[in-house]
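The values are calculated or read from the model by the stated rules, or taken from the named source; none is laboratory data. Source: prediction; values computed, not measured. All Cβ positions, even for glycine, are placed from backbone atoms using ideal geometry, and neighbour counts span all protein chains on display. The protein model used for the area step is the full one, side chains on, heavy atoms only, and it has no ligands, DNA or RNA in it. Shrake-Rupley method; radii C 1.70, N 1.55, O 1.52, S 1.80 Å.
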Amino acid sequence: MTTDNTSRKKWPVKRTIAVAVLLILTTAGIALYNNFNKLLSTALMNSFNSSNVSDVYELKFENLHVSLLDGSIKVINVSVLPREKPLRVYPYINSSFRFKTEKLSLENVELFKLLKSNQLKLKSVFILKPEVELTLAGERNIFLPFNDSAAAVVDSKEANNKKSLGAFNLNEFQLADAHVHVTNAGKQREMKIEDFNISLNNFQVEPRKGEFLTTIKQVTVSLGKFTGYLQKGGIRHIGFNDFKIGVDSLALEYTLDTVMYQFKNFNAGLNKLDIQTKDSIFHLAMQSFGLSYKDKSIKIKGVSFKPNVNHAAIQKDYKYWHTEFSGAVGTLELNKVNFDSLIYAQKIFVDEVILDSVIASIYKDKTKPMDKNRFPVYLGQTISDIPLPVHVKLVKATHVNLDNTERKEDGNLAKVNITRGTVEVKNITNLSPNAKLIMNADAYINDKAHFKASLTFDYQKPQFGFEALIYKFNLPDLNPLIQAYTPAKINKGVADKITFSGIAEKTKSNGTMSFLYHDLEIDLELKEKAKWKSSVIALTGNAALNNSNPPSADMPPRIVQFQVERDMNKGFINVLIKSILVGLKETMIMNKENRKAYKEHKKAHKESKKKSEK
């Protein structure tokens, strides 16, 4: 028989007691923690219900978890919803919001103050992936009651002794990846926002009677995608991506009827703007937009405004001549923009506007009748009539290409292309009546004839001065343009130089032209003679053309005077074109006055030549 020398050790009584105490303390701690969470839940709810916001909205949440070490509270499945029947009616509240999120974090909460007095004091709020729905109903949308009990009507005993929303400070507020849905029944608009983010630093709110005072050291708002649908107005659809705005040192004063604000700096940007007009005829797109208050600049890339349908679809809705505009701009920069004057005084002050890679198209259907009741004004008067004060010192456009197309009365198309252009416009203003609007252009006609032109518009009187120079080119190169408007074809000839200048007044223009050319030969389609005579460059009967200017090397050039009556139903471009065409015609076939002036000029030239030979 063997014996076990090892004796079984007994469980010490003290250890048993210790384990029992530990279990009791753990159970008690869990119970206390759960009870503490319940107390905090009740306190948080009481804090909300003690404010007049609870007259209009109802707070709900499933649970909360507290960390005693850092004073943080995580609230689960939170929602703030409008009450079906408000406890108190605030007549000025015309809009509402709905808010839901799976988790809301409150950081650095003064827990015992919350438990003791139902006052929520904390430093940070973090909200992840909430769903927000805004219902708007007015020009000014008001969601919350102001500190103004006289404006409220009590509907329930529960509303007695409610406090207005108290002052609070937050070191940080973060809302991340929100989904926002906005409806405005009055304006018939609907908007959806994805990946919406808000970051606020040093956020302070101080409610006063009838107003809220808010200051924020740093504001950043961004969104991934915006889509809007509008039933009223000229826009049907709008969308853009990657919008971001930042504001430094923002101060707001919000009252029932006004919003006043101040800030130190702000910037904004977005990508892929896409706008469809209400009738879906036109499409506006923009690749990117950037704004900097500090740099006083706005920078835009890839702007285009183009129709979705053909010309016939657009023109069918117009009884009279209607000019269509479309085009694109590669880059657009506004430099030294006075944002303060624009925001606070509604004045537009810009030093410089720079455009590059400009493509513009103009189309007009002249098979329709002209509106005899329409009387266009010159650019000086158009700018003077702008309701807002404006002063833009310089607009410069480079790499400009303009396509002008007209459908003529016979249904044929006439086209003019202006290519490789540079345009400068100086002193756009309605603040200095004595100033002049100056426009300079350097470009090519149909990519063949190089010209420079300068127009000077008067702001006080309906008139403008013009000067132009066209460099040497082969006249047959412009046959497509000439034949579009006249029954003529240039077989050969060279334009050595064309210069002209003059003044266009309200009802007429007059000026001087020097058209130097040689070896001119023109074919006329005689069957179109009647039409040729009726045009602005009509040739007289069977008169012979002068095929050179000057007629010979020893003769002076013909420099002619011209005068044109303005068609009062057409704008300044038509006056300018008629002046050029009449000046060319006068050079080739002079009228009585120009022939007389040229004879005197030849006589003086011969006398001068004889004197020089002596």
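Give the accessible surface of the range 560-607 per residue, rounded to a whole number of Å², with probe radius 1.4 Å and ligands, DNA and RNA excluded.
Using a 1.4 Å probe on heavy atoms only, each residue of the range 560-607 averages 56 Å².
When only alpha-carbon atoms count, how far does the range 224-310 stretch along each of its three principal axes, as whole angstroms with the largest first?
49, 33, 22
With all protein chains present, how much of the accessible area of the range 385-427 (probe radius 1.4 Å) comes from carbon and sulfur, to the nearest whole percent?
Looking at the range 385-427 in its full context, I get 54 percent from C and S.
Can you give me the pair-distance distribution of the range 455-500, C-alpha pairs, 5 Å bins, whole percents?
5, 18, 17, 16, 15, 11, 10, 7, 2, 0
Using just the alpha carbons, could you tell me how many Å³ per residue the convex hull of the range 298-433 encloses?
With only Cα atoms used, the range 298-433 gives 142 Å³ per residue.
Please report the carbon-and-sulfur percent of the accessible area for the range 163-308; probe 1.4 Å, protein heavy atoms only, DNA, RNA and ligands left out.
For the range 163-308, the apolar C and S fraction of the accessible surface comes to 53 percent.
Report the label-to-label distance for Ile362 and Asn201 in nanometres (one decimal), using points 7 Å from each Cα along the Cα→Cβ vector.
Each label point lies 7 Å from its Cα, and together they span 5.2 nm.
In the range 283-321, which chymotrypsin sites (Phe, Trp or Tyr not before Pro) fall in coil by DSSP and have 16 or fewer other Cβ atoms within 10 Å?
Within the range 283-321, the qualifying chymotrypsin sites (Phe, Trp or Tyr not before Pro) (loop, at most 16 other Cβ atoms within 10 Å) are Tyr318, Tyr320.
From the phi of every residue in the range 334-340, what ³J(HN,Hα) in whole Hz does the Karplus formula 6.51 cos²θ - 1.76 cosθ + 1.60 yield, where θ is phi - 60° and glycine or proline is x?
Result, ordered by residue: 10, 10, 6, 7, 8, 5, 4 Hz.
Under a point spin-label approximation (7 Å from Cα along Cα-to-Cβ), what is the Glu58-Lys209 distance to one decimal in nm?
Going from the Glu58 label point to the Lys209 one covers 3.4 nm.
I need the calculated FRET efficiency for the pair Gln262 and Asn474, taking r as the beta carbon distance and R₀ as 56 Å, to the nearest 0.05.
So the FRET efficiency works out to roughly 0.30.
Using a 1.4 Å probe and counting only protein heavy atoms, arrange Lys585, Lys306 so the residue with the most accessible area comes first.
Ranked list, largest accessible area first: Lys306, Lys585.
In Å², what does the accessible area per residue of the range 370-520 work out to with a 1.4 Å probe?
Computed with neighbouring chains in place, this is 49 Å² per residue.
So, with +1 on the Cβ of K and R and -1 on the Cβ of D and E, and no other charges, what is the size of the charge dipole of the range 350-420 about its Cα centre, to the nearest 20 debye?
240
Keeping every protein chain present and rolling a 1.4 Å probe, give me the accessible area per residue for the range 185-266 in Å².
In whole numbers, the range 185-266 has 56 Å² accessible per residue.
If R₀ is 22 angstrom, what is the calculated FRET efficiency for the pair Lys319 and Ala414, using the beta carbon separation as r and rounding to 0.05?
Efficiency for this residue pair is about 0.50.
Which of the pairs Lys74/Lys129; Lys436/Lys508; Lys508/Lys585; Lys192/Lys347; Lys366/Lys415; Lys372/Lys506 have their Cα atoms more than 22 Å apart in this structure?
From Lys74/Lys129; Lys436/Lys508; Lys508/Lys585; Lys192/Lys347; Lys366/Lys415; Lys372/Lys506, over 22 Å: Lys192/Lys347.
For the range 369-509, what is Rg from Cα atoms divided by 2.2 N^0.38 Å, rounded to two decimals?
Compared with the compact-globule rule of thumb, the range 369-509 sits at 1.22.
Round to the nearest 10 and report in Å² the accessible area of Lys508, as given by a 1.4 Å probe over the protein chains' heavy atoms.
Counting only protein heavy atoms, Lys508 exposes about 70 Å² to solvent.
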